[in-house]
Amino acid sequence: MADWEIRPASAADLEAAVELRAVVMRPDLERLGRYDEHRVRQRLRDGFAPAHTWVIEVGGTFAGCVALRPAEDALWLEHFYLAPHLQGSGIGGAVLRELLERCDREGTLVRLNVLQGSPARRLYERHGFVLESEDPVDVFMTREPASVASAASRAS
C-alpha cells in the first residue's frame, strides 16, 4: 500500500473533488441510466462542506476525499472517492478504518448510501455496515459504534 495521509479539506479542494467524483461515479451512474455530466458535479458542489471533509493524499498529491456530515442521530459518510488507479490498493479500507475508529471512540452511529450494484458496498460491509433500506437506485446502510455492536452481539 502506498503511503497516504488525510488532512482537513479547504474550499480550494472543491474542484479536484468534483472532477474525481465525476470520474469515479460515472460507471455506476451510467449502468443505472442516471449519468448526467452536469448533475454529477453539481451535487458535490452543493453538498461540499470543508469543515466535515478530509482530503486523501498519496505522495503529497490529491488522491481522494471523504466526509462525515453531522446529522440528528448519526454521522453520514459521504463523498468517499479515491482515484481509480488507487482503488483496490488498501488505501480506501485504511482511511475508512481510521474514520470509523474515531466514530467508535465517540459512540457514534454512521450512515451512508451507496448506489445499487456498486463494488463499494462490499468495502462497507467488510467494515460492519448493514443494510437499512434500499430502492432501485440507492442502498442505505448503517454501522453501530463497535462498543454498541459488540455489546449487542454478547446479549444475543
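Every read-out reported here was derived from the displayed coordinates using simple, explicitly stated rules and does not represent laboratory data. Computed from a predicted model, the values in this text were never measured in an experiment.
Translational diffusion coefficient, Stokes-Einstein: compute it for the chain using the Kirkwood radius over C-alpha pairs as Rh, at 10 °C and 1.306 mPa s, and state it as an integer in µm² s⁻¹.
98 µm²/s
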* Of all DSSP beta bridges located in the chain, what percent are antiparallel, nearest 5? -> 95 percent
* Asked: Helix-derived [θ] at 222 nm for the chain: sum -39500 (n - 2.57) over DSSP H runs of at least 4, divide by residue count, nearest 500?
  -> -12500 deg cm²/dmol
